[in-house]
1. Based on the mean of other beta carbon atoms within 10 Å per residue, what is the order of A:101-111, B:130-140, A:60-70, B:201-211, most packed first?
2. Roughly how many Å is it from the Cα centre of the stretch B:27-80 to that of the stretch B:96-110, as a whole number?
3. Give me the inter-chain shielding for A:20-31: mean count of other chain Cβ atoms within 10 Å, whole number please.
4. Show me, for the stretch B:353-367, the HN-Hα J-couplings you get by feeding each phi into the Karplus relation (A = 6.51, B = -1.76, C = 1.60, θ = phi - 60°), rounded to Hz, glycine and proline as x.
5. Give me the one-decimal Kirkwood hydrodynamic radius in Å for the stretch A:3-43, with the sum taken over alpha-carbon pairs.
6. If you take the alpha carbon radius of gyration of chain B and divide it by 2.2 N^0.38 Å, what ratio comes out, to two decimals?
7. Karplus couplings for the stretch B:155-167 from phi (6.51 cos²θ - 1.76 cosθ + 1.60, θ = phi - 60°), rounded to Hz, Gly and Pro as x?
8. Give me a comma-separated list of calculated 3J(HN,Hα) values for the stretch B:271-282, in order, Karplus coefficients 6.51, -1.76, 1.60 applied at θ = phi - 60°, integers in Hz, x for any Gly or Pro.
Amino acid sequence: MDDTTREILELLQENARLTPEEIAVMLDVDAAEVQGIIKELEDKKVILRYIALVNWEKMGEEKVSALIEVRITPQRDVGFDAVAERIYRFPEVRSMRLMSGTYDLAVFLEGSSMKEISNFVSTKLATIEGVVSTTTHFVLKTYKQDGVIMEDGEEDRRLMISP
Amino acid sequence: MTQKNWSDRINPAVRSVPPSGIRRFFDLVAETRGVISLGVGEPDFVTPWHIREACIYSLEKGYTMYTSNWGLLELREAVAADLERTYNVKYNPKNEILITVGVSEALDLAMRALLVPGDEVLIPEPSYVSYAPCTTLAGGVPVFMPTSMENNFRISADQVRSAITPRTKVLLLCYPNNPTGAVMEREELAKIAEVAVEHDLIVISDEIYDRLTYVGEHTCLASLPGMQERTVLLNGFSKAYAMTGWRVGYAAGNPDFIGAMTKIHQYSMLCTPITGQMAALEALKNGQPGMRRMVGHYNRRRHLVVQAFRDMGVPCFEPGGAFYAFPQVSVTGLGSEEFAEELLKQEQVALVPGNAFGRSGEGFARVSYAASLDDLSEAFRRMARFVRRCGVRSRIISAPVKISDRQEGICQTI
């Protein structure tokens, strides 16, 4: 990967709304070149999607999320992947990762109530063949997500004019 | 009882120092609502967390005492190692480095330690606001060497030579420059260094913006042949590590210079606050990656700013360092102050009138790009509107032109 591609990715990861023209000026390269690189990254699914990071709590929206530690039995040839797919295909699963350590899958669920989540775990998740056990941890508070502090009190406190 | 006029009793040297040109404008900005300020002379980043956390830890551990007058030896050793690694200049941390309360104190100490009444100090202009007052308060006489956009705001060896008189003692340099963003090439500096040696001048080199160099590589003045012994090198942590409020800087130079400065420092300041020194130590130990990230951000915004002025049709020299652009706002038909005041009134964008940095800054404005991308784009939208109203023809907004394609780093009004 060349430096320009890396910088484009870093800029977009920080702020997906930057236009190719703006990026081109910032990196001192041609706008057409930036457009080309972005197109290629999108085609190759390096860039998967441009989304907004939303703080639902501020809108008074009651959302419940939970981390489910899942232990599963790996299968011949496919390892964890087949069971994993059966789990992550559910839209309730917001993110999911295979972990080292005492359990296998870290499954992040989002729902509108605790009941909805426990229902999903007991009827859908735990009953999948190959799932050995589940441990459910409800999220009490989100401090930071994807590198963004939810309630960042560090606004600009500088003097308006200084030498 | 008659009111006594106490101002008569103020030392005339202090009385005669004019108040900072920035001050009046500061009050004006404070009265205005909804202002986006590009007039700030400090990073928009807060000090990186690992530095703040190290400082908190030092407080927990009870580091609340005086340090040696010179500063913590460990910090001086780290500074020496940093200078050697970066510029291959060697200083003895025991007697050639003094930790000060920012470069500001170091500059004052150097002036007071070196000047006797009547000594002349050569200062390139536009210049940082405290150079002339510090010179005057130490009994010296500031002699300005005007620089211009045509010369990329650089001074030449010839300029220095022709400004020298029998009373000239000190040459003060500041590159990358506040307010212009100018940088000097190594060859040009070497020629100036030759003049300094020839005329036995002492050079005070304020290199606080050294890490914020985007074009070419920064040359540490002390790294030039014959210069280390006659240079007082000033630097600090404010700009590179976003640590302005901590007030930690240093001076490096020969033991006679630094010893004399330390004498004044020990009787006035005693020592730099230990809390700031602890933070500075962490910055040198682990702050390089974070510093490089911030420099990358400034550089990208630098490109945006230069392009924005090109599009507006306002001539702007391409700054090679610091985080300032210095556009020629007189193209609007307004003077520096008039431009700044009208822009503030009509569009609520604050910047610093160029004449606050000396007479050769007239016709220009200092625009700091140590501001968020959002603020920068909004500020430039407003500024473009204002400039258009003044009758400046903007370029047709086009695909951005490669900045490096231009010659001389000057963009012309179309």
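Bear in mind that the values in this text are calculations on the coordinates, not laboratory data. Bear in mind that the values here come from a model prediction, so they are computed numbers and not experimental data. Don't worry about glycine lacking a Cβ; one is built from the backbone with ideal geometry, like all the others, and counts go over all protein chains shown.
1. The packing order, highest mean first, is B:201-211, B:130-140, A:101-111, A:60-70.
2. Cα centroid to Cα centroid, the span is 16 Å.
3. 6
4. x, x, 6, 5, 10, x, 4, 6, x, 4, x, 10, 9, 8, 10
5. 9.8
6. 1.00
7. 9, 10, 4, 4, 4, 5, 4, 6, 8, 6, 10, x, 8
8. So the J values, rounded to whole Hz, are 7, 6, x, 5, 4, x, 5, 4, 5, 4, 4, 5.
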